[in-house]
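Derivation of every value follows stated rules applied to the coordinates shown; laboratory data play no part. Note that this is a predicted model, so its numbers are computed, not measured. Here Cβ is always computed from backbone atoms with ideal geometry, including for glycine, and neighbour counts include all displayed protein chains.
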């Protein structure tokens, strides 16, 4: 589909969306497809669901998630410091020329060095707020929920709330 809004993702941001009330509903405001490597889906399912189909059905995201086989032949500087989900998500973002959802600092450093555009869920909330997709009250509620559930630290929470409050 031409003009499809796509992003690649590591495991952490998807776990954050699971913990956020209506998190997957929210991310649909910004993206039509979230591309993930197979290992990311395996990490999401592990210990919670019988299989990937059960996970996808539980969250109603069959149309949103697309599992992509990553070629991964390119050497990634610093890749040895990352878990397989982070590494494959970075490789996927590079291969597809997509922005990346990633929250772990080591993965962000590698993504930064490679020139990838990246953010976590808090950054996506701010993007939705700035573009008028969510009002300030809803953005603030989501940020508070992320902070309460331990998905963002105090520094990110306070900085994000300053943006939302104006």
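Report the Cα centroid-to-centroid distance between the stretch 113-137 and the stretch 40-59 in angstrom, as an integer.
Taking the Cα centre of the stretch 40-59 as reference, the centre of the stretch 113-137 is 26 Å away.
Can you check how the C-alpha radius of gyration of the chain compares to 2.2 N^0.38 Å, as a plain ratio?
Scaled against compact globular proteins, the figure is 1.01.
Using 7 Å Cα-to-Cβ label points, what is the residue 30/residue 112 separation (nm, one decimal)?
Distance between label points: 1.9 nm.
To make sure I understand, if each residue's beta carbon is the centre and we count other beta carbons within 10 Å, what order do 145, 86 fall in, fewest to most?
So the ranking, lowest neighbour count to highest, is 145, 86.
Report the residue, chosen from 143, 133, 50, that carries the largest GNM mean-square fluctuation when the chain is represented by alpha-carbon nodes joined by springs under 10 Å.
50
Please report 7, 56 as a ranked list, fewest other C-beta atoms within 10 angstrom at the top and most at the bottom.
Ascending number of Cβ neighbours within 10 Å: 56, 7.
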